[in-house]
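Working notes, structure below.
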Amino acid sequence: GSLGPRVTYRALLTDFDGVLRRWPPTAAIEAAAGLPPGALLEVAFARERLEPALRGQVSDGEWRAGITRALSERCSPVQAAVAVVTWASSPGELVPEVQELLWRARERCSLVLVTNATTRLETDLLSLGLSEAFSAVVSSARIGVEKPQPEFYAAALEAAGVSASEALFVDDAEANVAGARAAGIESHLFRSAAGLATWLEAKAVL
């Protein structure tokens, strides 16, 4: 009993933060500045501050300057500046077990990075040795629209050179996965490398 022709996926669209990249904890940076735990990320990721940076309406530097100003209301300006500079000094780190899976999948289909990012993304990719790792990179700051807006997925498929039915999508945010599914893309909500491996094997890209 044949199950019929298997879909051949030509592109794997992967999120960056929370999937392939993780960040060191900020508690020590906050403690050194006399800030309560979580204050730095709370200020940095406030929607009204973050969204313009993700859409490229303000540069990464302008975004961080705004974070410094806001934190200066909670600690001294010097402490705020040191905290933000220290936080900004890391490009994050790759998750080795996820990288291994994605690089294996890359042998079967094109690997495209699709991320809500600031204008700093390219610098971080260079720092992490990833400048040549992807067939294409789709950054919200460069296209002016972010996940989960439909226009983002359209841009990602165009960059990948595939139709929705030929693409796979992985992200750690439920809203982004829902947006990809609404665009007709077979999608996986990332929770662990093991879960990702099982899904990629089922889709015959591992």
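The values are calculated or read from the model by the stated rules, or taken from the named source; none is laboratory data. It should be emphasised that the depicted structure is a prediction, and the values quoted were computed from it without experimental measurement. Counting neighbours? That spans all protein chains shown, and the Cβs are built from the backbone with ideal geometry, glycine included. Ligands, DNA and RNA are stripped out before the accessible areas are found, and what is left, the full protein with its side chains, is counted by its heavy atoms. Shrake-Rupley method; radii C 1.70, N 1.55, O 1.52, S 1.80 Å.
Selection over the stretch 58-92 of residues that are outside any helix (DSSP H, G or I) and under 30 Å from V162 (Cβ atoms) gives a count of 2.
Meeting the requirement of 2 or more residues that are over 25 Å from F45 (Cβ atoms) and small (G, A, S), the helices (runs of 4 or more DSSP H) wholly within the stretch 108-190 are 150-160. Among the residues making up the stretch 46-64, a single one is open to solvent by 40 Å² or more (accessible area, probe 1.4 Å) and either aliphatic (A, V, I, L, M) or at pLDDT below 95 (or both): V58. Each residue in the stretch 156-206 was checked for being more than 19 Å from L101 (Cβ to Cβ) and among the hydroxyl-bearing types (S, T, Y), and 2 pass. When we screen A80, A88 for residues that are over 30 Å from K203 (Cβ atoms), under 20 Å from the mean Cα position of the chain (by Cα) and open to solvent by less than 30 Å² (accessible area, probe 1.4 Å), the only hit is A88.
Restricting attention to the stretch 5-31, the residues being outside any loop (DSSP other than H, G, I, E, B) and either closer than 16 Å to V177 by Cα or more than 8 Å from the chain's Cα centre (by Cα) (or both) number 11. Here is the figure for the stretch 191-206: residues that are assigned to a loop (DSSP other than H, G, I, E, B), closer than 20 Å to S163 by Cα and not small (G, A, S) total 2.
Contact map, the stretch 17-40: residues that are without any contact (Cβ under 8 Å) to a residue 24 or more places away in the chain paired with residues that are of a type in the set (A, V, I, L, M) and open to solvent by less than 70 Å² (accessible area, probe 1.4 Å), Cβ distance under 8 Å, separation 6+ or inter-chain. Pairs shown: P37/A27. Of all the numbered requirements in (1) within 18 Å of F190 (Cα to Cα); (2) surrounded by 17 or more Cβ atoms within 10 Å (Cβ to Cβ); (3) not aromatic (F, W, Y), E100 misses one, and that requirement is (2). Taken over the stretch 153-174, the criterion of being surrounded by fewer than 22 Cβ atoms within 10 Å (Cβ to Cβ) and either closer than 19 Å to A53 by Cα or aromatic (F, W, Y) (or both) is satisfied by A155, A173.
When we screen A133, A194, A180 for residues that are under 19 Å from R22 (Cα atoms) and open to solvent by less than 20 Å² (accessible area, probe 1.4 Å), the only hit is A133.
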